[in-house]
Amino acid sequence: MHSEKDKKHFDGVDLHRLAETMTTPLHVYSASMIRQRIAGLQEALAGLDVQICFAVKANPSQGILQLMAQGGLGADIVSAGELRRSLRAGIPPNKVVFSGVGKTESEMDEALASGIGRFNLESLDELEGLQRVARRRGLSAHASVRINPDVDALTHHKISTGRAENKFGVSIEQARDWFRHEYRYPDVRLDGLHMHIGSQLLDLAPVRMAFQRLAAFWRELAQAGHELACIDLGGGLGVVYHDGQDTRVDIAAYAAHIRDAFAGFQGQLMLEPGRYLVAEAGILLTRVIRVKQGDERAFLVVDAAMNDLMRPSLYEAWHEIVRIPGAGESADVSLPYDVVGPVCESSDVFATARMLPRCEAGDLLAILCTGAYGSSMSSTYNSRPLAGEVLVDDGRYAIIRRQQSFDEMIAGEQPATAWNTA
């Protein structure tokens, strides 16, 4: 929320009225907060030749991607679907970088034909595949080698990507061999380096170490005569999910580490923030269905579920939860609740023993910091249609995804009436 005292409004929009107009659960995003986060990052990086590419996987909604395009950002994609979303939202193809360990040759072909700026390559097989695709197309593909620097990102093990045992990237020794034999790939311009050590990074010490290792390799390549056009530093900057425990990233210090490590680099730097730009700009509105008093604890059963927000069940992630007070309502005594959804899984839990004002059926709650990996990881488990999404902006709102209907949810299904043999 914009103010700790004003829990009734989000970017100037009355949340009770919004929830009454729409259907809960409902994802709500603040355009003002996203713009502010973009501007703050750009200001910290002022003077550097850097292209910021939003990590589309964090939130691929067209309304969000259009904000990124308006802010001058590119897109970091990991699928052909994310490519199409980015282009449709107005992000120029030359500002798109294609990451991910499992690109198919058909996806590479579509991306190359679209004119994307760069591929981040993660295996020799992928490099060879891109060479075949580029040769068939008669085009030259710009590519960066994703380095795995073997640095512990000090984050949750499920979102750590820069250790030797992770599936991402190649060792520096493998990368040396790629550059040594780049003549074998005449249709791939191997002119970049890439690195991404993990997500939800709050401690900059491992980031600084990874930057230094990447910079040392860049200088080694330069001495060997390999001129780089791009160094992609990845993303992963964290946000404050848990007040009092999470420490906000010092973005000025982050920028200073970049300036220090890559001083003298003549090419373009690239960053791939996702969560950092959108997480704190999103909330998930949900209503209390009932209060269930168990023998040992009280359960607050809400209409949002793990299919609307996977992070608590997937990562044991903490999200602040607030009760949206009604008109003229004063604060009530706080009680401990287990906030749970209606899905038939024991892991469908948003919070355990969370202190909240006394709640009853019909009360409106907001789960905070859900703008990243909320809607993007949602599913229709238990045949629950996808929740709607709304963008709010200085007292106004726009629906950027209406709630899915039942018919839309089952549109691709059909009875087994037409049988074939293979």
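A few notes on this one:
- For Ala372, distant residues with modelled amide H under 5 Å away: Ala279
- Angle of helix 251-261 to the longest C-alpha principal axis of the chain, folded into 0 to 90 degrees and rounded to 10: 10°.
- Contour excess over end-to-end distance, with Cα ends at Ile289 and Asp49 and 0.36 nm allotted per residue: 81.2 nm
- Length gained on full extension, Asp125 to Ala298, computed as 0.36 nm times the residue gap minus the Cα-Cα distance: 56.9 nm.
- Set of aspartates and glutamates with alpha-carbon distance to Lys103 below 15 Å, sequence-local pairs under 8 removed: Asp76, Glu82, Glu122, Asp125, Glu126, Glu128
- Based on Cα contacts under 8 Å between residues 6+ apart, the range 310-422 shows a relative contact order of 22 percent.
- Whole-Hz couplings from phi, Karplus 6.51/-1.76/1.60, listed for the range 120-134; x for Gly and Pro: 9, 9, 10, 7, 5, 4, 5, 4, 5, x, 5, 4, 5, 5, 5
- Across the range 83-92, rounded Karplus estimates of 3J(HN,Hα) from the backbone phi angles (6.51 cos²θ - 1.76 cosθ + 1.60, θ = phi - 60°) give 4, 5, 4, 5, 5, 5, 7, x, 7, x Hz, Gly and Pro being marked x.
- Euclidean distance between Cα centres, the range 226-252 to the range 196-220, Å: 10
- Label sites at His226 and Tyr315, each approximated as a point 7 angstrom past Cα along Cα to Cβ, lie 3.2 nm apart.
- Burial ordering of Tyr183, Tyr276, Tyr397, Tyr315, fewest other beta-carbon atoms within 10 Å first: Tyr183, Tyr315, Tyr397, Tyr276
- Cubic angstrom per residue, convex hull over Cα atoms of the range 100-271: 118
- Site pair Thr352 and Arg136 shows an inter-label distance of 5.1 nm when each label is modelled 7 Å from Cα along Cα→Cβ.
- For the range 287-352, alpha-carbon Rg relative to the globular expectation (2.2 N^0.38 Å, N residues): 1.17
- Each of Thr21, Thr421 was scored by other Cβ atoms within 10 Å of its Cβ. Listed from fewest to most, they are Thr421, Thr21.
- Under the Debye formula (equal points on every Cα, no solvent term), log10 I(q)/I(0) of the chain at q = 0.13 Å⁻¹: -1.13
Only the coordinates and a few stated rules stand behind these numbers; no lab work does. Just so it is clear, the model here is predicted, and its values are computed rather than measured. Don't worry about glycine lacking a Cβ; one is built from the backbone with ideal geometry, like all the others, and counts go over all protein chains shown.
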